[in-house]
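Bear in mind these aren't lab numbers, they're just calculated from the coordinates by the rules spelled out. Quantities reported herein were computed from a predicted structural model and do not represent experimental measurements. Positions of Cβ are backbone-derived with ideal geometry, glycine not excepted, and every protein chain shown enters the neighbour counts.
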Amino acid sequence: MLNVVIFGPPGSGKGTQSEKIIAKYGFAHISTGDILRQEIKEQTELGKQAKAFIDKGELVPDATIIDMLEKKLESLTTAQGVIFDGFPRTVDQAGALKKMLRKRGEDVNVMLNLEVQREELIQRLLKRGEVSGRSDDNLETIEKRIRVYEEQTAPVIEFYKAEGSYHAILGEGAIDDIFGRISSAIENAQ
Ligand code: C5P
Ligand code: MG
């Protein structure tokens, strides 16, 4: 079982590259952002709470996200691996994930940090906003999300550097070239 964290700022290509990883390696995909958007669509209590944070470009509190993630992890039937996409978003979430996996005798094997320049992130997200219908893909919220990333999420990098599972991946250029770099990192970890 390989546990892969796909990490990076908003617009760095986590979702796009996750789909390619799933297609090639058959891993299960846990995207906390997708789960939250589904909860909003179904108008659940969790969805109602989450919407206020998402629309402002802020993070849903750790306790809520960690609980949601643990339930999702428990519901997974055996997979060859799992990709965690959009989680952990804080150092506390990274610690909670480590604990959860330890209970199963597992750990995060690889953390892939997709590195993309700020201007490129904004351009990609504005372009996505034209078709995604996502309430948070507008310039003001995009800038807020990048700020929240820098302040609350980027420290997660140091956590995984200390763990020894950190890999920087150049997240610019052709999608298939980026995927080639990701594949090498995954195969070296297997
Ligand atoms: O991961 P994604 O970019 O799809 O997340 C969209 C939004 O969902 C984030 O900007 C944030 O408001 C919320 N989110 C969160 N905590 C997570 C994942 C997503 O608060 N772990
Ligand atoms: Mg995503």
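Assorted remarks:
- For the stretch 1-91, GluC sites (Glu not before Pro) are listed when DSSP marks them as loop and at most 13 other Cβ atoms sit within 10 Å of their Cβ; the list is GLU42.
- Long-range HN-HN contacts of ALA168 with modeled amide H, under 5 Å: ASN113
- Summing +1 for each Lys or Arg and -1 for each Asp or Glu among the other residues whose beta-carbon sits under 15 angstrom from that of ARG181 gives -2.
- The chain - charge dipole about Cα centre, Lys and Arg +1 at Cβ, Asp and Glu -1, debye rounded to 20: 300 debye
- From helices alone, the chain scores -17500 deg cm²/dmol at 222 nm; the rule is -39500 (n - 2.57) for each run of n ≥ 4 DSSP H residues, then divide by the residue total.
- Cross-link pairs exceeding 30 Å between alpha carbons, from the set LYS48/LYS161; LYS24/LYS48; LYS99/LYS127; LYS24/LYS144; LYS51/LYS71: LYS48/LYS161; LYS24/LYS48; LYS99/LYS127; LYS24/LYS144.
- Orientation-averaged projected area, Cα convex hull of the chain (nm²): 10.1 nm²
- Prolate/oblate/rounded call for the stretch 36-132, Cα gyration tensor, a/c under 1.5 rounded: oblate
- Modelled FRET efficiency - R0 30 Å, GLU187 with ILE122, Cβ distances, 0.05 increments: 0.40
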